[in-house]
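Presented below is the structure to which this report refers.
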Amino acid sequence: MVADTCRADTYCDINPASGACTDACVILQAKPSCDASSQLCVWMSLSSRCVTKCQFAATTSTACAATSGCQWDTAVASCGPDCGSIPTETACNANDGCMYMSRQCVNACNRFGAADCLATSRCQLDNSTGLNQCVTACGILYGSESPCNQDSLCMWDSTKGQCRASCPTVMVANYPSKTLAQVLDQCSKDTFCSVSQDICIIRCEFAHTNEASCDDDIYCMWDTTRQTCRTACPVIPGQDTCEQNPVCEWVQTTNKCRMQCEYRAPTQTTCTADTECTWSAATSKCTSSCDDASHNTATTCTTSSLCRWVTPASTNNVIATEQCIKRCDAAYLTQQPCNDDPLCLWDASYATCRSTCSMLPLRTDCETAGAVCRWNSAGKYCEKQCQVAATTLAPCNVVSGCYWRDSTAVCTRVCNDTFTQDECRNNGDCNWNDNEQRCELKCSLITDMPTCDADTRCIVENTMDNMGMVNGSICIDDPGIRFPTEQGCNNNLMNDTIWNPDLQVCVQACVFRPDPEACEADAMCNSTSLTTCETRCKYLYYTQPSCTCLLYTSEAADEEDRVEYGGDSRTTKNRGEENIL
């Protein structure tokens, strides 16, 4: 009854800490008095007013949505602050429903349901506990290998130098719009994953780092030559996957995968007993031959999965005559001789030699070699992955579709329409554009300001030192994208945006314009010096019928510097004088 009676008075409210009736936040006109009631109230710096905290201002989703600066939190079914209105990183991270990234506070993934989670590139679904929770994507959560691998939902991608979702997260529960077949197909196309009994698992190469743990896994076997773990040949169901494994070969007559001569017949006695193998006295190893009389035609050459038939046309005239040669992975066991062969390319992820990307004319073959190759959808050809094509800054910057990622010192693929939505969502450098259905590089990662200025999604913003002086520039998301509504734009406590009432769009605050030319080019702004750009009065106080403002002009002032507000004529004065009416 006390609470009901208290709240019946417009100027009263209940203090949640003491339960006592106290002054309502709305009547607290100064920040100190508002801060004194911090259990109930919060001070809004931009609008200079004291407001009731969201959790006490509204108890239903409808009332919450109608409350300025608040947003309904579906995860806990309560009203919480609109993360975009929280001004500092510390205050943002102190709120369980928010996270700080790209110099702004945004909704944390745990506030999203399944549909919104899948549509948000910085989040991923986690059904490991059966609760189908939305969590922060691994690529954003971790920037180094050790903490990444300690999270069961994540795994480190050494080829790209970034954290990614672990293979077991590829399940129907995490992709409710896909069938089991589609999910398993997605898994099998991932160079880090493989399918086993309708479950997506980490490939043996990445799951085990020593012989003991590898041999304890019934699906794996230890490659003694390359000192790495491989998928056991007998459990590989298809020819393509079998031939990708450097210790296996596909038997055409039985349609089964088996170990190569070197591994199934390690001694001279066992090798000699195998009619399909030959003992090499030079290497003291059992081998299969490709250049003998039994493999001298295209048909007989391909009876052995370790051999391939090549022609001048298929190799871009690298070889002069057609012939049967060993597959790259069978011919070379170490990096240098592999890369010395123009038809081959070393894959460090699997410690194996592969056919160079230009030798893979089919998209399926190119995607199978995804750790070193990628399919160029525009040109319809297979090309090297960025981190393989260049390992230092200068060469990387001239490779089409690549850029140098300073934080990891790795040549990285540019976020563009060659990414699938899932690839884009799991890449901490990218954002998925739902409207255009394409992957885009985050504005905050663009370091070249002319490039930023030319991108319609981004704007160049000045940075200030503690004295309020410009000390640099950064690239950020365009305010119109960050704050599509007038309320969100004007309640942005970062104070770097302002609403344009003429265009009905949120724009960059004048003070952050990068130079006098950019300042003067906008009708909302006025350049008062080489380093100062201010918002013109009629835009700063566009919601008021009359206002008190500073008006600046000179002998050559434009006619627009004579302004009228609320019927009161205000004539301009000399620059720097105050005209208070």
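The values are calculated or read from the model by the stated rules, or taken from the named source; none is laboratory data. The shown structure was predicted, so the numbers you read here are calculated from the model rather than taken from an experiment. Using ideal geometry, Cβ is built from the backbone for each residue, glycine included, and neighbour counts are taken over all protein chains shown. Just so you know, the surface numbers come from the protein's heavy atoms only, side chains and all, with ligands and any DNA or RNA stripped out. Shrake-Rupley method; radii C 1.70, N 1.55, O 1.52, S 1.80 Å.
Listed by position, the helices (runs of 4 or more DSSP H) inside the range 213-304 whose residues that are touching a strand residue (DSSP E or B) at 6+ places or on another chain (Cβ under 9 Å) and more than 19 Å from K326 (Cα to Cα) number at least 3 are 268-273.
Residue-by-condition table, conditions (1) modelled with pLDDT of 90 or more; (2) surrounded by 14 or more Cβ atoms within 10 Å (Cβ to Cβ); (3) touching a helix residue (DSSP H, G or I) at 6+ places or on another chain (Cβ under 8 Å); (4) not small (G, A, S):
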position	(1), (2), (3), (4)
C229	yes, yes, yes, yes
G238	no, no, no, no
Q252	no, no, no, yes
T272	no, no, no, yes
T275	no, no, no, yes
S289	no, yes, yes, no
T297	no, no, no, yes
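Being within 22 Å of M101 (Cβ to Cβ) and either out of contact with any His (no Cβ under 9 Å at 6 or more places or on another chain) or modelled with pLDDT under 80 (or both) is the requirement here; does P479 meet it? Walk me through it before giving the result.
Values: within 22 Å of M101 (Cβ to Cβ): yes; either out of contact with any His (no Cβ under 9 Å at 6 or more places or on another chain) or modelled with pLDDT under 80 (or both): yes.
So P479 passes the test.
When the range 88-112 is filtered for residues that are within 23 Å of D429 (Cα to Cα) and in a loop (DSSP other than H, G, I, E, B), the ones remaining, listed by number, are T88, G97, S102, R103, A108, F112.
Tallying residues that are farther than 13 Å from V2 by Cα, in a loop (DSSP other than H, G, I, E, B) and touching a Cys at 6+ places or on another chain (Cβ under 8 Å) within the range 14-29 yields 3. Of the numbered criteria (1) in contact (Cβ under 8 Å) with a residue 40 or more places away in the chain; (2) open to solvent by 70 Å² or more (accessible area, probe 1.4 Å); (3) in contact with a strand residue (DSSP E or B) (Cβ under 9 Å, 6 or more places away or on another chain), the one D406 fails is (3).
Can you confirm whether P246 is in contact (Cβ under 8 Å) with a residue 40 or more places away in the chain and surrounded by 13 or more Cβ atoms within 10 Å (Cβ to Cβ)? Yes; evaluated as a whole, the condition is true for this residue. Could you identify the single residue in C193, C204 that is out of contact with any Pro (no Cβ under 9 Å at 6 or more places or on another chain) and under 29 Å from R264 (Cβ atoms)? Residue meeting the stated conditions: C204.
Pairs needed: first member in the range 80-103, within 17 Å of C123 (Cβ to Cβ) and modelled with pLDDT under 75; second member anywhere, of a type in the set (K, R) and in a loop (DSSP other than H, G, I, E, B); C-beta distance under 9 Å; at least 6 residues apart or different chains. Between residues of the range 80-103 that are within 17 Å of C123 (Cβ to Cβ) and modelled with pLDDT under 75 and residues that are of a type in the set (K, R) and in a loop (DSSP other than H, G, I, E, B), the close pairs are S102/K442. In the set (1) in a loop (DSSP other than H, G, I, E, B); (2) open to solvent by 70 Å² or more (accessible area, probe 1.4 Å); (3) not aliphatic (A, V, I, L, M), the condition left unmet by F56 is number (1).
Between S355, S305, S284, S314, the distinction of being open to solvent by 70 Å² or more (accessible area, probe 1.4 Å) and within 29 Å of T253 (Cα to Cα) belongs to S284 only.
This table checks each residue for (1) of a type in the set (D, E); (2) open to solvent by 40 Å² or more (accessible area, probe 1.4 Å).
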residue: C138; (1), (2): no, no
residue: K160; (1), (2): no, yes
residue: R164; (1), (2): no, no
residue: V170; (1), (2): no, no
residue: D190; (1), (2): yes, no
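Of the residues examined, N431 is not one that is closer than 25 Å to I459 by Cα, within 20 Å of the chain's Cα centre (by Cα), of a type outside the set (A, V, I, L, M, F, W, C) and surrounded by fewer than 17 Cβ atoms within 10 Å (Cβ to Cβ).
For first residues located in the range 29-40 and touching a residue at least 24 places away in the same chain (Cβ under 8 Å), partners that are among the aromatic types (F, W, Y) and outside any loop (DSSP other than H, G, I, E, B) and lie 6+ apart or on another chain with Cβ distances below 8 Å form the pairs L40/F56. In this structure, C64 does not satisfy being in contact with a helix residue (DSSP H, G or I) (Cβ under 8 Å, 6 or more places away or on another chain), assigned to a strand (DSSP E or B), surrounded by 15 or more Cβ atoms within 10 Å (Cβ to Cβ) and modelled with pLDDT of 80 or more.
If we scan the range 193-201, do we find a residue that is in a loop (DSSP other than H, G, I, E, B) and out of contact with any strand residue (DSSP E or B) (no Cβ under 8 Å at 6 or more places or on another chain)? The answer is yes, given that some residue of the range 193-201 is in a loop (DSSP other than H, G, I, E, B) and out of contact with any strand residue (DSSP E or B) (no Cβ under 8 Å at 6 or more places or on another chain). Residues of the range 438-466 that are within 15 Å of the chain's Cα centre (by Cα) and farther than 23 Å from S407 by Cα: R438 alone.
Considered as a group, the residues in the range 144-175 that are modelled with pLDDT under 85 and assigned to a loop (DSSP other than H, G, I, E, B) include one that is farthest from C430 (Cα to Cα), and that residue is Y175.
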